[in-house]
Amino acid sequence: MSYLARVLAVVLGLMQLAYFLLSWFPPVSLHAGSVAMAFYPRGMEAGAVASLAPALRWTGAALALPALLALGYALLRLDRMLGACVQGRMFALATIGHMKAFTGAILATLVLTIFEPLLRAAAWRFAMDSSPQHFSIGVSSEEWMLVLMCVLFFVLASLMHEARRIAEDNEGFV
């Protein structure tokens, strides 16, 4: 099961990287037979990237990159956590640290993803003297659910840490 989760994490990471690259760099729709696929950054409309000057496109991609890197770090820590669990070290301090780092990186990814359109619009407007045609920022119910899941993971990591402490205390009594 852990192997499957690790493979799915790699696939997710590669899919996010592909989406990032496809939404910023070939700004036109891709065609696979009769199917047209349009990739575009959050907060922008389909085809809006194609009308951007190269400097604006590169700036937008640079501002979106931290969220992608945070997700990559989260997936790396998830992989390390799952590897430790396979080795039977579920309550080791390192495993608990991986869980906390994974959860924190997912929260950072979420925050960066939510605020990236606002930062992009501000950079384009104030630093590059270009006004975006349209941008939007918002938080969906799925994102709130992800925040709740991250809180649950933090609680679970705290419980694991406490269980380890109790087990260590009990070893001294035997």
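Are there any pairs, at least 6 apart or on different chains, whose C-beta atoms fall under 8 Å, with the first in region 111-128 and under 17 Å from L69 (Cα atoms) and without any contact (Cβ under 8 Å) to a residue 60 or more places away in the chain and the second of a type in the set (D, E, K, R) and assigned to a helix (DSSP H, G or I), and if so, which?
Every condition considered, the pairs that remain are I114/E143.
Identify the residue in region 108-131 that is out of contact with any helix residue (DSSP H, G or I) (no Cβ under 6 Å at 6 or more places or on another chain) and part of a loop (DSSP other than H, G, I, E, B) and, among all such residues, is surrounded by the fewest Cβ atoms within 10 Å (Cβ to Cβ).
D129
Just for region 11-33: of the residues that are in contact (Cβ under 8 Å) with a residue 40 or more places away in the chain and among the aromatic types (F, W, Y), which one is farthest from R120 (Cα to Cα)?
Out of the qualifying residues, it is F20.
Go through (1) in a helix (DSSP H, G or I); (2) open to solvent by 50 Å² or more (accessible area, probe 1.4 Å); (3) farther than 23 Å from V49 by Cα and name the single condition R89 misses.
Condition not satisfied by R89: (1).
Are there any pairs, at least 6 apart or on different chains, whose C-beta atoms fall under 6 Å, with the first in region 34-45 and more than 15 Å from W124 (Cβ to Cβ) and hydrophobic (A, V, I, L, M, F, W, C) and the second surrounded by fewer than 19 Cβ atoms within 10 Å (Cβ to Cβ) and at pLDDT below 85, and if so, which?
Partner pairs satisfying both residue conditions: A36/S29; M37/L30; A38/S29; A38/A46.
Residues A36, A61, A50: which one is assigned to a helix (DSSP H, G or I) and more than 22 Å from the chain's Cα centre (by Cα)?
Matching residue, one of A36, A61, A50: A50.
From the list A74, A67, A105, exactly one residue is in contact with an Asp or Glu (Cβ under 8 Å, 6 or more places away or on another chain) and crowded, with 21+ Cβ neighbours inside 10 Å. Which is it?
On inspection, the qualifying residue turns out to be A67.
Restricting attention to region 16-53, report how many residues are open to solvent by less than 60 Å² (accessible area, probe 1.4 Å) and under 23 Å from A74 (Cα atoms).
6
Could you look through region 130-174, keep only residues that are within 30 Å of R57 (Cβ to Cβ) and among the aliphatic types (A, V, I, L, M), and pick out the one that is modelled with the highest pLDDT?
L146
Can you give me the number of residues within region 22-33 that are at pLDDT below 80 and outside any loop (DSSP other than H, G, I, E, B)?
Total meeting the criteria: 3.
Of the residues in region 1-15, how many are at pLDDT below 85 and open to solvent by 90 Å² or more (accessible area, probe 1.4 Å)?
Adding up the residues that qualify gives 2.
The values are calculated or read from the model by the stated rules, or taken from the named source; none is laboratory data. Computed from a predicted structure; not experimentally measured. We place every Cβ from the backbone using ideal geometry, glycine too, and count neighbours over all the protein chains shown. When the accessible area is computed, the model is the full protein with side chains, heavy atoms only, and any ligands, DNA or RNA have been set aside. Shrake-Rupley method; radii C 1.70, N 1.55, O 1.52, S 1.80 Å.
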